[in-house]
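Participant: For reference, the structure I am asking about is given below.
The values are calculated or read from the model by the stated rules, or taken from the named source; none is laboratory data. All values reported here derive from a predicted model rather than from experimental measurement. Positions of Cβ are generated from backbone atoms using ideal geometry, with glycine treated the same way; all protein chains shown enter the neighbour counts.
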Amino acid sequence: MITAEKLFFSYTGSAPYALAGVQMNIAAGEYVSVVGDNGSGKSTLMRLILGLLKPTRGTVSTSATRIGYVPQRSDYAQRDFPLTVGEMLRSYARIVGASSSVKPTSAEIKTAVADVLALTGLQAHERSLVGALSGGESQRTRVARALIGSPELLIFDEPSTGIDRASQDEIYGLLRKINRERGITIVSVEHNLTAAMANSTLIYHLHGGHGHICTPEQYAEEFLRV
C-alpha cells in the first residue's frame, strides 16, 4: 500500500534532513501509528505520502487510488458556518464525484452520505449546523467527509487533539471499526502514545529522521522498556 525507499527530505534541499534514509513498506489493511518526538519528521512524512511535498532524494509511493485525509482539529470555532452536516457531506460527494469518470447520481450521493453518517454515528446530526457541533462530533464529521468516495487509505494528523477523553475513546473506536470491518488502511500521526499502543497493528517510530517499524508489543519492549 505504501512504500518508501531511501527517502530523504530537507526543506532547504540540503542537510540537515528532516527525514534521512527512511525505509517503509506498509501492506493494505494495516493500522499504523507514526510516533516520535516533536520535530522527528512525523508530519513531514505524512505530507510526503499525500504528495504535498516532493522527496529531496529517494521515493515514496502508494498503490491507493483513493485517499482520505483528516487534518488536525483546529480550535477555531466556525459558529456561523451556514451548512448542515448533511449539506456539507453532499457537497463534498459532488466534488469527489466531479473528479471521477462517471458522475454520481443524486440517489448515489444520498446513499453514500447515509452510509458515512451511519458508520460515524452522526445520523441524528444530519441537519445540525457544522459550527454548532461539539469537539467530538466535529471530529467525527471530518472522518465522515474523508470517507466519502470510499477511500482505500485514510491518513490522520493527531486525531485526538483538542477533544475530551470520552470523545477520544469514540474516535479511536471508530478508527478501529473502519480498519477492521471495512479493511481501510490507516496511517495516523500520533502524540497519544497510549491510544497508538492500544489500537494500532503497527507502530512506526521516527527519531532523528530515521524510522523503525514494529508491532506495539515490540515497541513496548524495545522503546518503553516494559
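Residue-by-condition table, conditions (1) surrounded by 21 or more Cβ atoms within 10 Å (Cβ to Cβ); (2) out of contact with any Cys (no Cβ under 9 Å at 6 or more places or on another chain); (3) over 22 Å from S63 (Cα atoms):
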{"residue": "L147", "(1), (2), (3)": "yes, yes, no"}
{"residue": "E158", "(1), (2), (3)": "no, yes, yes"}
{"residue": "D164", "(1), (2), (3)": "no, yes, yes"}
{"residue": "E170", "(1), (2), (3)": "no, yes, yes"}
{"residue": "L193", "(1), (2), (3)": "no, yes, yes"}
{"residue": "H212", "(1), (2), (3)": "no, yes, no"}
{"residue": "Q218", "(1), (2), (3)": "no, yes, yes"}
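Participant: Within the stretch 44-56, is even one residue out of contact with any Asp or Glu (no Cβ under 7 Å at 6 or more places or on another chain), part of a strand (DSSP E or B), surrounded by 12 or more Cβ atoms within 10 Å (Cβ to Cβ) and at pLDDT 95 or above?
Facilitator: For the stretch 44-56, residues out of contact with any Asp or Glu (no Cβ under 7 Å at 6 or more places or on another chain), part of a strand (DSSP E or B), surrounded by 12 or more Cβ atoms within 10 Å (Cβ to Cβ) and at pLDDT 95 or above: absent.
Participant: I'd like the full set of residues that are out of contact with any strand residue (DSSP E or B) (no Cβ under 8 Å at 6 or more places or on another chain) and among the β-branched types (V, I, T), limited to the stretch 149-187.
Facilitator: T161, I163, I171
Participant: To continue, here is another question. Working only within the stretch 79-135, note down all residues that are assigned to a helix (DSSP H, G or I) and either among the charged types (D, E, K, R) or over 22 Å from P151 (Cα atoms) (or both).
Facilitator: Matches in the stretch 79-135: E87, R90, R94, E108, K110, D115, A124, H125, V130, G131, A132, G135.
Participant: Considering I184, I155, I203, which residue is under 19 Å from G29 (Cβ atoms), out of contact with any Pro (no Cβ under 7 Å at 6 or more places or on another chain) and at pLDDT 95 or above? Explain how you work it out, then say what you get.
Facilitator: Values: I184 fails: out of contact with any Pro (no Cβ under 7 Å at 6 or more places or on another chain); I203 fails: out of contact with any Pro (no Cβ under 7 Å at 6 or more places or on another chain).
Residue meeting the stated conditions: I155.
Participant: Can you tell me which of V60, V22, V34 is part of a strand (DSSP E or B), under 19 Å from I155 (Cα atoms), in contact with a Lys or Arg (Cβ under 7 Å, 6 or more places away or on another chain) and in the same structural domain as Q168 (by TED's automatic domain parsing)?
Facilitator: V34
Participant: Cβ-Cβ under 9 Å, sequence separation 6+ or interchain: first residue in the stretch 88-111 and modelled with pLDDT of 90 or more, partner among the acidic types (D, E). Which pairs?
Facilitator: From the stretch 88-111, the pairs are L89/E126; A93/E108.
Participant: Restricting to the stretch 106-133, give me the number of residues that are more than 22 Å from the chain's Cα centre (by Cα) and under 18 Å from E181 (Cα atoms).
Facilitator: 0
Participant: Listed residues R182, R176; which is closer than 26 Å to G36 by Cα and charged (D, E, K, R)?
Facilitator: After applying the criteria, what remains is R176.
Participant: Just the residues that are assigned to a helix (DSSP H, G or I) and of a type outside the set (S, T, N, Q), please, taken from the stretch 136-164.
Facilitator: Matches in the stretch 136-164: G136, E137, R140, R142, V143, A144, R145, A146, L147.
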